[in-house]
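Here's the structure, in structure tokens; my notes come after.
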Amino acid sequence: MKTLVYFASGNIKKEYHNLDFDKIYLIDDCFKNKMRYPKNIFSDRKITCVGMDCLESIAYLKQENVKIDCLVSLNEGLSEGGGSYAINSDFFLGFVMPLLNNSYIHIMNKRYYQGFPSRVSMDLPYEIIEIDSGSSQYLSPSIFSDYDSAIDGAKVFQMNRLTTNDNEIIISPKIKIKIIHDSIWNYYDDLGAIVISFTQQGQGDFFDKIPKVLNLSKLTISEVLNYCDCHKINKIGFTPWGSGYYRNFIWNLKSLKSDYPSEILLFHLNKNDYKNIL
């Protein structure tokens, strides 16, 4: 089963039926338009149109057991279409990672984000190889958009997941601490709490509504550790925070008297995150 998911897709195009995929999911707010589409989720042969915000659609795709072989995002409408965050941002791609196959195709245009404050690094725990138009794996970005601004500079990448490296560090003899080059969302079920620190990039309070999520923009490190103590949470995960400044974090761990947490996992997508703590 080969599956393509196009986030912020715009309307369905007849050309999509000719693509060599068994299932195609188009995710876009346009499918919420009751005047055009009586249902916000509907199928046209192998194409399923989903009228949801892209972040909200991840729960639906998980429910449908979707595993993504090709991810497309070319024109989120950040200037004219009501889009509020970048699909190719670190926080979105990290959130969608549990749905991605270990090897998949990624079609995007980094140039599209010029002039927007969105953080689009593509510095991810993957081997990234550009696919040129002469390859049998190549899918022309022009299939997916009629806008020159979306197509000009668009790239097709082969993404191969890297083997996860766990670096154990010693800060306190009471706590096992590991740095993991991976998305925290791949470990959601294993963690008693998830501590995020995403800068505001248009995602609003979406992540704050997810069970087990704590936000470092609203809590201090000391308060997070107290929360673990009160709720007897053994294992907790963090995303990078504080622009790489971790002195207060280290001091709190060295001063910790509680038995909770007993294990802290520090997750990162970008290669040099946590370099000041190693």
Check your understanding: Kirkwood hydrodynamic radius of segment 108-158 from all distinct Cα pairs, in Å?
Key -> 12.2 Å
Point to revise | Rh by Kirkwood over Cα pairs, then Stokes-Einstein D for the chain at 1.306 mPa s and 10 °C, µm²/s | key: 79 µm²/s
Check your understanding: If you take the square roots of the eigenvalues of the alpha-carbon gyration tensor of segment 166-268 and sort them as a ≥ b ≥ c, do you get rounded (a/c under 1.5), prolate (a/b over b/c) or oblate?
Key -> rounded
Exercise for review: Jot down the radius of gyration and Dmax of segment 3-161, Cα atoms only, both in angstrom.
Suggested key: 14.7, 44
Check your understanding: So for segment 1-45, taking the charge dipole from beta-carbon charges (+1 Lys/Arg, -1 Asp/Glu), which of Ile41, Tyr25, Gly10 sits furthest toward the positive end?
Key -> Ile41
Point to revise | Helix axis angle, 221-230 relative to the chain longest principal axis, alpha carbon, degrees | key: 80 degrees
Review point. Helix 54-63 versus the longest principal axis of the chain: what is the Cα-based angle in degrees, 0 to 90, to the nearest 10?
Key: 90 degrees
Check your understanding: Near the amide H of Ile179, under 5 Å away, which other amide H atoms are found, from residues 5 or more places off or on another chain, if H is placed in the peptide plane?
Key -> Asn167, Glu168, Ile169, Leu266
Review point. Segment 206-228 to segment 20-45: how many Å between their Cα centroids?
Key: 35 Å
Review point. Over segment 102-181, what is the mean sequence separation of C-alpha contacts under 8 Å (at least six apart), divided by residue count, expressed as relative contact order in percent?
Key: 38 percent
**Study point:** Karplus 3J(HN,Hα) series, Hz, for segment 179-191 with 6.51 cos²θ - 1.76 cosθ + 1.60 (x for Gly, Pro)
**Key:** 9, 10, 7, 6, 6, 4, 6, 6, 10, 3, 5, 8, 9
Practice item. Using a cut-off of 10 Å between beta-carbons, work out the net charge of the residues near Gly192 (Lys and Arg +1, Asp and Glu -1, Gly192 not included). Key: +1
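A short reminder: the numbers here are calculations on the coordinates, not readings from a lab. What you are looking at is a predicted structure, and each value in this text was computed from that prediction instead of being measured. Using ideal geometry, Cβ is built from the backbone for each residue, glycine included, and neighbour counts are taken over all protein chains shown.
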